[in-house]
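What follows is a set of notes on a single structure, which appears directly below.
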Amino acid sequence: MSETHPEIRDGIRALCKGFPGEYWRQCDRERAYPTDFVGTLSDAGYLAVLIPEEFGGSGLGISEAAAILGEIHHSGGNAGACHAQMYIMGTVLRHGSDAQKKEILPNIASGELRLQAFGVTEPTSGTDTSRIRTTAVRDGDDYIINGQKVWTSRAEHSDLMLVLARTQPRDAGKRPHDGMSVFIIDMQDAKSKGLSIKPLRAMLNHATTEVFFDDLRVPAKNLIGEEGKGFRYLLDGLNAERILISAEAIGDARWFIEKASAYAGERRVFDRPIGQNQGIQFPIARAYAATEAADLMVQKAIGLFDQGEACGSEANMAKLLSADASWAAADMCLQTHGGFGFAEEYDVERKFRETRLYQVAPISTNLILSYIAEHVLGLPRSF
């Protein structure tokens, strides 16, 4: 296995040594946000990797960002508490005004402000984003936002939030996805003016919430780009999101493989290591092969993205293959550990729950398959 950006990975590994399994187990047990970890990561400049140097960031690419997030997972941690800042940033960088960039990007780069939340999904729309019901109505120099978002992670731990809302009815545009706009919300100010947050307890510790907007006034200057083009801006960030999540899944898979290999070499039953049995070692070897193959697609998608080339198919396939590889590795690792795999102290059951998410979000495996069938293979749309 060859590593990209070994210096970055070495730095992340060193940082993660200060946050061992017990730290993550305690956060998981208490459903607590890993504030110390995120703060340390931010102070070291890793969360500003994609912000241009002119705004105080490192000005690096998706390749470096993927190395950071992937190595966090490879080290036994979880980047779900902070990864959104990496890919949400693209919406502001590509479509935000000069004034918006100058106002918020330097403070995000320094760690003074956190941009960790993006409100898109709603209870009634699911994956059909065209049917969101949250509205933003222009009223003088403001927009008035009403509606609800669900599965909005990190809303309680973010200073700023991007929100997708309808500024035009669904049937008023040429296409169903027309008429949606993106806004920057100052959450600290909004909490006393119509924004409320309800935590959602889930299978894994992902700091996710429901968010409610009740006549929330947002200055018109907080509109990103042009009114009605918000869905296009959302799509711009999806390839980055899928690539970065793929890197996390690869990191998970490698953690599971190394954990299983170590246990299989140490655990002795019937007077020999259990890893001497083909029934144990072959699944580990298969998981390794699948992970390395998936990583090749991730690296291909990264290369295309950083070169500014079209990479929708590759980003989707990277997400599909890496999610499958991590889930297969998780199942293999749990099986290798037997009953001990269910014990909290081994971290296997925690990572097992965490990596299962990637089969569902962001973007489910079935939606990726339908994309490949329709847009790559030219088959009829299935829904």
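Here are the numbers for the structure shown:
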| read-out | value |
| --- | --- |
| Residue match in region 209-221 (condition: at pLDDT 95 or above, polar (S, T, N, Q), part of a strand (DSSP E or B) and over 28 Å from Thr336 (Cα atoms)) | yes |
| Close pairs from region 134-158: first outside any strand (DSSP E or B), partner among the aromatic types (Phe, Trp, Tyr), Cβ under 6 Å, at least 6 apart | His157/Tyr33 |
| Region 52-71 residues that are assigned by TED's automatic domain parsing to the domain that holds Gln85 and more than 22 Å from Ala301 (Cβ to Cβ), paired with ones that are among the charged types (D, E, K, R) and part of a helix (DSSP H, G or I) (beta carbon under 7 Å, 6 or more apart) | Phe55/Lys101 |
| Number of positions in region 349-383 that are surrounded by 16 or more Cβ atoms within 10 Å (Cβ to Cβ), closer than 17 Å to Ala253 by Cα and hydrophobic (A, V, I, L, M, F, W, C) | 2 |
| Search result, residues across region 228-249 that are among the small types (Gly, Ala, Ser) and buried (at least 18 other Cβ atoms within 10 Å of the Cβ) | Gly230, Gly237, Ala240, Ser246, Ala247, Ala249 |
| Any chance Pro20 is surrounded by fewer than 18 Cβ atoms within 10 Å (Cβ to Cβ), over 19 Å from Ile224 (Cα atoms), free of Cβ contacts under 8 Å to residues at least 60 places away in the same chain and not assigned by TED's automatic domain parsing to the domain that holds His206 | yes |
| Residue in region 232-243 that is basic (Lys, Arg), part of a helix (DSSP H, G or I), within 24 Å of Leu320 (Cβ to Cβ) and under 16 Å from the mean Cα position of the chain (by Cα) present | yes |
| Residue list for region 40-55, filter: under 19 Å from Leu244 (Cα atoms) and assigned to a loop (DSSP other than H, G, I, E, B) | Gly45, Val49, Leu50, Ile51, Pro52 |
| Test: residue in region 117-131 that is among the aliphatic types (A, V, I, L, M), touching a helix residue (DSSP H, G or I) at 6+ places or on another chain (Cβ under 8 Å) and either without any contact (Cβ under 8 Å) to a residue 12 or more places away in the chain or in a helix (DSSP H, G or I) (or both) | no |
| Qualifying position, being in a helix (DSSP H, G or I), out of contact with any Cys (no Cβ under 9 Å at 6 or more places or on another chain) and at positive phi, among Gly279, Gly308, Gly338, Gly275 | Gly338 |
| In region 271-322, the residues that are surrounded by 21 or more Cβ atoms within 10 Å (Cβ to Cβ) and acidic (Asp, Glu) | Asp295, Glu314 |
| Extreme residue, farthest from Ala294 (Cα to Cα), among residues of region 327-339 that are in contact (Cβ under 8 Å) with a residue 40 or more places away in the chain and surrounded by fewer than 20 Cβ atoms within 10 Å (Cβ to Cβ) | Gln335 |
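The values are calculated or read from the model by the stated rules, or taken from the named source; none is laboratory data. Worth saying up front: this structure is predicted, and the values here are computed from it rather than measured. Counting neighbours? That spans all protein chains shown, and the Cβs are built from the backbone with ideal geometry, glycine included.
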